[in-house]
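In what follows, a structure is listed as structure tokens, so that the remarks can point back to it.
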Amino acid sequence: MNIKNLKETDQIIAETLEKELIRQRDGIELIASENFVSRAVLTALGSIGTNKYSEGYPNRRYYGGCKFVDEIENLAIERAKKLFNVDHANVQAYSGSPANLAVYYALLKPGDTVLGAKLSFGGHMTHGLKVNFSGTLYNSVNYTSDKDGYLDFDEIRSLAKEHKPKLIIAGFTAYPRIIDWQKFRDIADEVNAFLLADISHIAGLIIGEQHPSPTRIADVTMTTSHKTLRGPRGAIILSNGTVSNSNKPVELTKENIPTLIDRAIIPGLQGGPHNHTTAAIAVALKEAMQPEFKEYAKQIVLNAKALARSLMAEGLELVTGGTDNHLMLVDLTKAGVTGKEAEVALGEAEIFVNKNTVPHDLRKPTDPSGIRLGTPALTTRGLKENNMELVAQLIAKVIKNANNSSVKEEVKNQVKELMDQYPLYPELTYL
């Protein structure tokens with residue numbers, strides 16, 4: 001086989017990847033759901049694991065030749081179980097949305113009622129958005145928040161008692177405060193519902209002991225493997241109980257949840273797992289086991305708090321008045337720009353954020369009143385609290401001069417000067 005490198009095979013793709021590499025190197029990455037993986041994770045993700053088909057589970061495959069991918073998957077499973085303190089881990093879900101779909105498939109029937117956070121109040125599409133599978137195949141009911149953006153457990157309990165959901169979802173994509181898992185558990189128990197904790201955003205903070213863990217409180221915990229966990233784009237479904245190795249039907253009980261989850265993934269929803277991704281997840285989990293990962297998680301939160309304080313010092317308004325975790329929501333209602341306008345203007349200055357609704361937003365989600373910021377990626381690059389004041393000043397300067405090209409160009413130069421001090425993948429090139 002004549003194996004050529006990427007540049008020789010596809011010059012256009014190589015050049016475009018190089019441009020993306022430069023964008024990542026030169027810009028301030030503040031999208032809360034993004035991070036920079038290690039070179040080790042990149043290597044595993046681009047490995048020959050992608051060549052192997054391995055439908056089934058370790059030692060129970062539908063294909064031969066799975067000895068070594070079994071070893072890889074077993075490593076990922078054992079590391080996940082240890083890190084998250086659970087009895088069972090499924091590492092095969094292709095991403096977070098399919099993983100949540102697997103939980104629905106395992107525990108519910110079409111038409112069952114699900115109670116989750118409304119998307120515009122920090123939930124996720126798979127938590128019951130009406131145009132998503134979770135809102136079309138299931139009867140979705142959404143909770144919101146109080147006027148200050150905090151979870152309103154009185155409302156959540158009231159909705160649960162009224163609608164009697166079979167599944168309650170706790171977990172958010174844009175909630176800047178600590179989540180009280182036990183309060184969700186108590187409500188779920190009151191109405192005899194299963195509890196799903198979606199920790200996709202905060203998994204790394206949980207491992208790093210910067211946020212309480214739900215894994216011994218919720219019936220099922222789902223996390224993506226990127227974001228604060230700093231791995232590839234995949235997902236892990238965590239549960240407690242035992243796995244049945246027989247093909248006989250099992251009852252819908254909490255003890256049987258691991259079996260139900262495994263059967264939901266395959267044969268229920270997926271075929272062969274992505275072995276290269278599983279290998280990369282295993283590497284990321286090993287990195288998360290190291291003592292320095294706790295320091296990393298701690299620094300994410302320190303940076304977020306420092307950035308939040310500095311943004312407020314610049315006159316910007318934050319939902320809940322700050323943050324306890326890795327992200328914050330900036331309410332631009334009084335700033336004279338929309339979230340979409342701010343996202344575009346900041347992007348022109350090489351500061352990358354995403355537009356986001358704020359609680360009780362009067363604007364539409366495609367052009368909302370806020371932006372969401374997060375510190376995982378900047379923390380990975382080595383920035384500390386003392387850098388956050390400058391980052392906040394640059395953000396505020398662009399927002400206050402969103403239509404001024406010269407100001408945005410000036411900020412862009414300052415951004416590159418700052419990020420050049422924290423090199424990203426210095427030896428990597430696609431050309």
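The numbers here are math on the coordinates, done by the rules we state, and not lab data. The structure presented is a predicted model; accordingly, all values stated were derived computationally and were not measured. Here Cβ is always computed from backbone atoms with ideal geometry, including for glycine, and neighbour counts include all displayed protein chains.
Numerical summary
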read-out: Karplus 3J(HN,Hα) series, Hz, for the range 272-288 with 6.51 cos²θ - 1.76 cosθ + 1.60 (x for Gly, Pro); value: x, x, 8, 5, 5, 5, 4, 4, 5, 4, 4, 5, 4, 5, 5, 4, 6
read-out: Spatial separation of Cα centroids for the range 267-326 and the range 404-431, in angstrom; value: 23 Å
read-out: The range 355-362 - phi-based ³J(HN,Hα) in whole Hz, Karplus 6.51/-1.76/1.60, Gly and Pro as x; value: 4, 7, 5, 10, x, 6, 5, 8
read-out: Global geometry of the chain, whether rounded, prolate or oblate, following the gyration tensor of its Cα atoms and the 1.5 cut on a/c; value: oblate
read-out: Chymotrypsin sites (Phe, Trp or Tyr not before Pro) lying in DSSP loop within the range 88-193, provided at most 15 other Cβ fall within 10 Å; value: TYR150
read-out: Pairwise centroid distance, computed over Cα atoms, of the range 356-387 with the range 238-260, Å; value: 39 Å
read-out: Neighbourhood charge, 12 Å Cβ-Cβ cut-off, centred on LEU252 and excluding it, Lys, Arg +1 and Asp, Glu -1; value: 0
read-out: The range 308-421 shape via C-alpha gyration tensor axes, a/c threshold 1.5; value: oblate
read-out: Mean-position separation - Cα centroids, the range 138-217 and the range 11-62, in angstrom; value: 31 Å
read-out: Sparse-neighbour loop sites [trypsin sites (Lys or Arg not before Pro); the range 379-431; at most 16 other C-beta within 10 Å; DSSP]; value: LYS384
